[in-house]
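The structure under discussion appears below in the form of structure tokens.
The values are calculated or read from the model by the stated rules, or taken from the named source; none is laboratory data. Note that the coordinates shown come from a computational prediction; the quantities given were computed from them, not determined experimentally. Quick reminder, even Gly has a Cβ in these numbers, built from the backbone with ideal geometry, and neighbours come from all protein chains shown. Surface areas here come from the heavy atoms of the whole protein model, side chains and all, with no ligands, DNA or RNA. Shrake-Rupley method; radii C 1.70, N 1.55, O 1.52, S 1.80 Å.
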Amino acid sequence: MATKSLKKAATAVLQKPAAPKKAAPKKPVYNPLAPERIAAILDGLRKAYPNAVCALHHNSAWELVVATALSAQCTDVRVNMVTPELFRTFPTPKALAEAPLPAIEEIIRTTGFFRAKAKNIQGAARVVVEKFGNKVPETLEELITLPGVARKTANVVLGSWFGIAVGVVVDTHVLRISKRLELTKNTDAVKVERDLIKILPQSEWINYSHRIIFHGRQVCIARKPKCADCTLEKLCNAPDKTWSSH
Ligand code: SF4
């Protein structure tokens, strides 16, 4: 008995103490809004679309107000087909303010909702003439007093013409792709803009929209995005991706 217990004691002394178990390395928690991820998205967009600008043809703030108003529920290509004649026939806000409404309607007919649009652009022309001395105002608060000009149009004009970033233009492309890129969970344009303003640096507000709109037209199209050709593919986890490397 004594020999047995001596052996046990000797074995216990010779046995190495068990090494403490190593904790498994923690997987970093995926955060779609991580600043590094957002910076990588902006970088990818910058490289892919370095010269993206507003696709609506215009030569003045006033022309951009009108073109943007006409682009509601209409393609930019169609608007660009209509505006040369409109601006040739009524070259100033004053000329448009005094024009017979049916003449405006006739020119813009193919942009859809032409009666409401004609009324709005003429109303906007009158306000620009009477309230702002023929000049398009440079603040959001003043711009949205023009008939038919809501926050989106005001953002387009301030950003693209005056270079003033007071918000992010959220059109159908910005809405769809910001969601696909998990930069927002919202579907309402005003809420999406609020989300984007929080996470994007202000210096990128104007370019982000321009580039995303290009991306939406060329690659990240609504029905069947061309994910295999997409510069942002590695960063994207959209559920409706058509191809994935990860
Ligand atoms: S990977 Fe596909 S869904 Fe994602 S941004 Fe690119 S084109 Fe759009």
Open item on the list: Let me confirm something: among 193, 182, which residue is of a type in the set (D, E, K, R) and crowded, with 19+ Cβ neighbours inside 10 Å?
Closed with: 193
Open item on the list: Pairs needed: first member in segment 194-221, under 13 Å from residue 46 (Cα atoms) and away from the ligand (no atom under 14 Å from the Cβ); second member anywhere, modelled with pLDDT under 95 and open to solvent by 50 Å² or more (accessible area, probe 1.4 Å); C-beta distance under 7 Å; at least 6 residues apart or different chains.
Closed with: 210/53
Open item on the list: Checking residue 47 against (1) over 25 Å from residue 227 (Cβ atoms); (2) open to solvent by 50 Å² or more (accessible area, probe 1.4 Å), only one condition comes out false. Which one?
Closed with: (1)
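Can you tell me which residues in segment 69-100 are in a helix (DSSP H, G or I) and under 14 Å from residue 113 (Cβ atoms)?
69, 70, 78, 79, 82
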Task: Residue satisfying condition, being away from the ligand (no atom under 16 Å from the Cβ) and in a loop (DSSP other than H, G, I, E, B), within set 169, 190 - done: 169
Task: segment 231-246, residues that are under 17 Å from the mean Cα position of the chain (by Cα) and within 7 Å of the ligand (Cβ to nearest atom) - done: 232, 236, 238
Task: Qualifying position, being assigned by TED's automatic domain parsing to the domain that holds residue 204 and among the charged types (D, E, K, R), among 115, 176, 126, 151 - done: 176
TODO: Can you work out which of the residues in segment 203-230 that are over 10 Å from the mean Cα position of the chain (by Cα) and among the charged types (D, E, K, R) is most open to solvent (accessible area, probe 1.4 Å)?
DONE: 223
- [ ] Those residues that are open to solvent by 80 Å² or more (accessible area, probe 1.4 Å) and out of contact with any helix residue (DSSP H, G or I) (no Cβ under 9 Å at 6 or more places or on another chain), I need them from segment 76-90; list them, please.
- [x] 77, 88
